[in-house]
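Below is one structure, written out as structure tokens; the observations come after it.
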Amino acid sequence: MPEDTFEIGGARYRSRLIVGTGKYRDFAETRAAIDASGAEIVTVAVRRVNITKADEENLLDYLDLDRITILPNTAGCYSAEEAIRTARLAREAGVGSLLKLEVIGDEKTLFPDATATIEAAQVLVEDGFTVLPYINDDPIAARKLADLGCAAVMPLAAPIGSGLGIRNPYNLKIILEQATVPIIVDAGVGTASDVARAMELGCEAVLLNTAIAGAKDPIAMAEAMKLGVEAGRKAFLAGRIGRKLYATASSPIEGLLD
């Protein structure tokens, strides 16, 4: 069988787990967790983690950049203008044009501002960025972002860092049904069963951070997330049995008494 990969911005990836770099004790633990996760794409908050100042301790010095693609993100931006400026700063620093676009609309819930996200996405796509927007589980917003030329759309499972898992699988199913670009669940998962469920629904990948960095043993949780993604993807490809109200014998007797 052909290798099971997915494509973002013209590049192909084997790992369907994308991980963040925030909330770890230090850069060494960050590196160890990334290695255990098997992730090939790592997202970095440009406004919070140093990847632009070569004369200071730099996260990029701890990562295997021959294996890992850096996905800068605009976390901490509350307007389209802020997000656009942050994206351009990252590109000028030499980390490329691949971008996770995040425009937050509320400090308490950290839900995305859909209007500002769409506004920023349009500018950044026209500016040559490969844009992966973080958005609510809103099928209309997801479709608009795909139509603008975004390389993927990243609906949340639940609020950032909440660990609640997928709160609205039905909206995700609608987004997946109408999708013309890869759908990557982003934010809110808490454990390996959450990522397995996202993959079983048919998502191309899952992005997470807190669920690993905040675990009692981040390295073990990183490996668990890797296995959860792999199991969920295999289950999706295998095709689950249909749900039935009543039992069906696993060892039928038809024909045995003839």
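The values are calculated or read from the model by the stated rules, or taken from the named source; none is laboratory data. These figures come from a predicted structure and were not determined experimentally. We place every Cβ from the backbone using ideal geometry, glycine too, and count neighbours over all the protein chains shown. Surface areas here come from the heavy atoms of the whole protein model, side chains and all, with no ligands, DNA or RNA. Shrake-Rupley method; radii C 1.70, N 1.55, O 1.52, S 1.80 Å.
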Between the helical axis of 192-201 and the dominant principal axis of the chain, each derived from Cα atoms, what acute angle in degrees is found, rounded to the nearest 10? 80 degrees
Helix 218-238 versus the longest principal axis of the chain: what is the Cα-based angle in degrees, 0 to 90, to the nearest 10? 50 degrees
Once you order the gyration tensor axes a ≥ b ≥ c over the Cα atoms, which shape class does the range 101-204 get: rounded for a/c under 1.5, otherwise prolate or oblate by comparing a/b with b/c? oblate
Mind checking the dipole of the chain: about its Cα centre, +1 per Lys or Arg Cβ, -1 per Asp or Glu Cβ, Debye to the nearest 20? 500 debye
Given points 7 Å out from each Cα along the Cα-Cβ axis, report the E126 to Q178 separation in nanometres with one decimal. 2.4 nm
Starting from the alpha-carbon convex hull of the range 32-165, give the projected area averaged over all orientations, in nm². 8.5 nm²
Cα-Cα over 27 Å, subset of K23/K108; K23/K226; K108/K226: K108/K226
Mean separation of Cα contacts under 8 Å (at least 6 apart) over the residue count of the range 43-197, i.e. the relative contact order in percent, is 16 percent
Using heavy-atom solvent-accessible surface (probe 1.4 Å) with all chains present, what is the largest-first order of E230, E223? E223, E230
Nothing charged except the Cβ atoms of Lys and Arg (+1) and of Asp and Glu (-1): what's the magnitude of the dipole of the range 54-97 about its Cα centre? Round to the nearest 20 debye. 300 debye
Using only Cα atoms and rounding to the nearest 10 degrees, what angle (0 to 90) does helix 139-148 make with the longest principal axis of the chain? 50 degrees
What is the distance, in nm, between label points placed 7 Å from the Cα along the Cα-to-Cβ direction at A231 and at L65? 3.7 nm
Looking at the square roots a ≥ b ≥ c of the eigenvalues of the Cα gyration tensor of the range 144-258, which shape do they give, rounded for a/c under 1.5, prolate if a/b is larger than b/c, or oblate? oblate
Please give the Cα centre distance for the range 202-221 versus the range 19-35, rounded to the nearest Å. 11 Å
